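First comes the structure, then the notes that go with it.
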Amino acid sequence: MRRHDREMDKDFALMVVDKCEYAVMALVDTEGMPYCLPITIARKDNSIYFHTAKEGQKIDVLKNNPSVCMTCVGDTNRPADKFTTEFESAVIRGTAVEVTDKDEMILALRLLCQRHSPSNMHEFDAAIARSLARTGVWKINIKDITGKRKKYDKNGEEMKFGRM
């Protein structure tokens, strides 16, 4: 990270992961070409879960090269009186593994639904019964995570590391 004065601690980075609307996951295919895509995520401990179809380009790439890099963006703000953007972000590096255990799959899907569709949880069991067999679930085991922030206080002074 070039701007160490904006680096935040691991707890801050995990907070960004837990509140971002979606993440962007970057992969590298067998020909060395980058491939990135937005995914919805949910975290439990040191693992990040996402759901997917059971086949397709993403699955092909992950099976050949499970190393991933993911970016999560939290709150942003463009102050009207500055040429800048306030932001908070987290970058994760890790390894993706397919979840094949039925109980862990259901746990992951429950976490995803609780996070992204909490008002519809009364339909969760019926949705699982209908679609579990055709739903892929993967988890990313976090190897490294960094957090970064640019934010100004009410006096217009940038809040460097350690100032919340």
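The values are calculated or read from the model by the stated rules, or taken from the named source; none is laboratory data. Owing to the predicted nature of the structure, the values given are computational and were not obtained by experimental measurement. Backbone-built Cβ (ideal geometry, glycine too); neighbour counts: all protein chains shown. Calculation scope for accessible area: heavy atoms of the full protein, side chains included, ligands and nucleic acids excluded. Shrake-Rupley method; radii C 1.70, N 1.55, O 1.52, S 1.80 Å.
Can you pull the Kirkwood radius for the chain, inverse mean 1/r over Cα pairs, to one decimal in Å? By the Kirkwood definition, the hydrodynamic radius is 17.3 Å. Remark: relative contact order (region 52-133) = 21 percent; criterion is Cα-Cα distance under 8 angstrom and separation of 6 or more residues.
Taking amide H as placed 1.01 Å from N in the peptide plane, V99 has its amide H under 5 Å from the amide H of V137, W138, K139, each at least 5 places away in sequence or on another chain. So how tilted is helix 10-19 from the main axis of the chain? Cα-based, degrees 0 to 90, rounded to 10. Rounded to the nearest ten degrees, it is 60.
Can you list, bin by bin at 10 Å, the percent of alpha carbon pairs in region 73-164, starting at 0? The distribution over region 73-164 is 13, 29, 23, 22, 13, 1, given as percents. Ranking of Y49, Y22 by solvent-accessible surface, largest first: Y22, Y49 (1.4 Å probe, protein heavy atoms only, all chains present).
Helix 102-116 axis versus longest C-alpha principal axis of the chain: approximately 40°, rounded to the nearest ten. Going through region 3-80, which GluC sites (Glu not before Pro) have at most 12 other Cβ atoms within 10 Å and a DSSP loop state? Passing both the DSSP loop test and the Cβ count: E21, E31, E55. Largest to smallest in accessible area, the residues C36, C20, C113 fall in the order C36, C113, C20 (1.4 Å probe, all protein chains included).
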